[in-house]
Amino acid sequence: MAPFKADLHIHTVLSPCGDLEMSPTAIVERAMARGLDMIAITDHNTTRQVKTTQKVGRDRGLFVLGGVEITSQEEAHCLAYFEADDQLDEFQQFLDQHLPPIPNDEDRFGYQLIVDENDEITGEEQYHLLNALDVDIDGLYDEVHRIGGLFVPAHINKGTTSLMSQLGFVPPDLKADGLEINFRTTRDEILKKFAYLKRFNFITDSDAHFIDNVGDVYNVCYLEHRTFAEFGMALRGDEGRYIDTMYFRDHKLPR
C-alpha cells in the first residue's frame with residue numbers, strides 16, 4: 001500500500017463562487033506544486049469542467065477524480081464521485097433535469113465559465129448553479145448509486161449548507177459511502193455527539209475556491225494504485241485500504 005495525498009473537494013471557475021483564476025490548468029499546476037497526488041473537481045451542480053481538468057491532469061501526471069457538489073432539496077451540499085465519462089454525462093443529464101431554470105445573475109453571484117486547457121472560454125452555464133435541486137438527499141444517493149458513483153455528504157459540521165445546519169443532525173439512517181468534515185472539527189469530536197456515525201469513514205478537504213487554497217487541507221489515501229476503484233475501497237475501508245484525514249499544509253492537525 002502506498003500513500004497518496006488527495007484534496008477531494010475543489011471548485012473551478014465554473015462555480016459562481018469560484019475565483020476567475022481557478023482554471024483547470026492553474027488548479028493542476030497548484031496541486032502538483034503542493035505535492036498532491038490526487039484531486040477531485042467538484043463544481044456546484046455541474047460536471048462540465050471535469051473532463052478538461054482530467055485531461056490536463058493526465059498530461060502532467062496528476063490523478064483527477066470526476067465529481068460534483070450537489071445541493072439537495074434540503075439545501076444540504078453533497079459530494080458525488082464518478083469513474084467514467086459516460087457516468088458523468090448521465091449524471092449531468094440528471095442535474096440538467098432537476099436544477100431550477102433560474103438564470104444566473106453575474107453581478108450578484110459571479111461568472112459560471114467553462115474554459116479549455118489553454119484557459120480560453122468555451123462556454124458558460126446559463127442557470128444559477130447554487131440553487132437546490134428538486135431531489136432530496138435519499139433520492140440523490142439512489143441516483144448516484146444507480147449510475148455507479150460514490151456519495152459523500154459535504155462538510156457536515158459547517159454552519160450553512162450542511163446536514164447539521166439544515167436538519168440539525170445527521171439522520172441515523174443516512175445512506176452514504178462516507179462523510180466529509182471541515183478542518184474546524186475532528187472525527188472524534190463528531191462521534192462524541194453522534195456515536196452512531198462510527199459506521200462511516202471520513203474525509204477532510206480544502207473546498208478551495210481560490211488558487212492559493214488548493215491543497216491547504218488534504219487526506220492521505222493508502223491505496224495500491226491511484227484509481228477510482230481503489231479510492232472507493234479506501235472510503236469503505238476494504239482490504240487494508242484507508243484514508244487518513246486532517247492534514248493542513250503538510251502538518252497533521254490534532255485529532
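Conditions (1) out of contact with any strand residue (DSSP E or B) (no Cβ under 7 Å at 6 or more places or on another chain); (2) within 20 Å of Lys158 (Cβ to Cβ); (3) free of Cβ contacts under 8 Å to residues at least 60 places away in the same chain, marked per residue:
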position: Leu20; (1), (2), (3): yes, no, no
position: Leu36; (1), (2), (3): no, no, no
position: Thr53; (1), (2), (3): no, no, yes
position: Gly57; (1), (2), (3): no, no, yes
position: Thr71; (1), (2), (3): no, yes, no
position: Phe94; (1), (2), (3): yes, no, yes
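Considering only residues of region 49-68 that are buried (at least 22 other Cβ atoms within 10 Å of the Cβ) and out of contact with any Asp or Glu (no Cβ under 7 Å at 6 or more places or on another chain), which is farthest from Leu99 (Cα to Cα)? Going through the qualifying residues, I end up with Gly57.
Quick one: in region 174-194, which of the residues that are modelled with pLDDT of 95 or more and over 16 Å from Asp244 (Cβ atoms) is surrounded by the most Cβ atoms within 10 Å (Cβ to Cβ)? Here the residue is Ala176.
Is it true that Gln87 is in a helix (DSSP H, G or I), farther than 29 Å from Phe169 by Cα and free of Cβ contacts under 8 Å to residues at least 24 places away in the same chain? The answer is no for Gln87.
A single entry from Asp37, Asp107, Asp136 fulfils the requirement of being at pLDDT below 95 and not aliphatic (A, V, I, L, M): Asp107.
Conditions (1) closer than 28 Å to Val13 by Cα; (2) of a type in the set (S, T, N, Q); (3) touching a helix residue (DSSP H, G or I) at 6+ places or on another chain (Cβ under 8 Å), marked per residue:
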{"residue": "Gly168", "(1), (2), (3)": "no, no, no"}
{"residue": "Leu191", "(1), (2), (3)": "no, no, yes"}
{"residue": "Leu197", "(1), (2), (3)": "no, no, yes"}
{"residue": "Asp216", "(1), (2), (3)": "yes, no, no"}
{"residue": "Val220", "(1), (2), (3)": "yes, no, no"}
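Among the residues making up region 1-51, those that are closer than 19 Å to Ile70 by Cβ and small (Gly, Ala, Ser) are Ser15, Gly18, Ala40.
Scanning region 115-160 for residues that are surrounded by fewer than 19 Cβ atoms within 10 Å (Cβ to Cβ), of a type outside the set (Asp, Glu) and more than 18 Å from His98 (Cα to Cα) yields Asn118, Ile121, Thr122, Gly123, Gly148, Gly159, Thr160. The residues in region 48-76 that are small (Gly, Ala, Ser) and over 30 Å from Val170 (Cβ atoms) can be counted, and the count is 2.
The values are calculated or read from the model by the stated rules, or taken from the named source; none is laboratory data. All values derive from a computational prediction rather than experimental measurement. Note: ideal-geometry Cβ built from the backbone for every residue, glycine included; neighbour counts use all protein chains shown.
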